[in-house]
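Trainee: After the structure tokens below, expect a handful of questions from me.
The values are calculated or read from the model by the stated rules, or taken from the named source; none is laboratory data. Keep in mind it's a predicted model, so treat the numbers as computed, not measured. Neighbour counts are summed over all protein chains in view; Cβ atoms, including those assigned to glycine, are modelled from backbone coordinates with ideal geometry. Keep in mind that these areas ignore ligands, DNA and RNA; they rest on the heavy atoms of the full protein, side chains included. Shrake-Rupley method; radii C 1.70, N 1.55, O 1.52, S 1.80 Å.
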Amino acid sequence: MTDVKDLSQVIASKGKNPLIILTVNKQPEEDAKLERKLRELKFRQELRKDWILFIIRDIVIFTATILFILAASGYSLFMHIYR
């Protein structure tokens with residue numbers, strides 16, 4: 001087998017003005033997995049928060065408003081009947 005050489009080192013060492021090549025530190029695969037899991041957890045947390053707000057705002061408040069209207073109209077009807 002032939003020796004494997006780093007092509008960037010060969011290119012950088014040629015000529016009068018050698019090239020300066022910066023190596024980019026790529027994330028290890030474990031970090032990428034952890035970041036993906038963190039994004040999924042944040043998404044689930046936002047989804048859960050949206051559902052809680054939906055339940056409070058649209059179901060509880062709507063139901064309380066309907067019950068208040070029914071109670072007020074029932075009281076008004078009761079007062080008109082027994083006057």
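Trainee: Just add up the charged neighbours of K42: K/R +1, D/E -1, any other residue whose Cβ is under 12 Å from the Cβ of K42.
Mentor: Every neighbour counted, the sum reads +3.
Trainee: Here's something else I'd like to know. How do F43, F54 stack up against each other in accessible area, from largest to smallest, with a 1.4 angstrom probe?
Mentor: F43, F54
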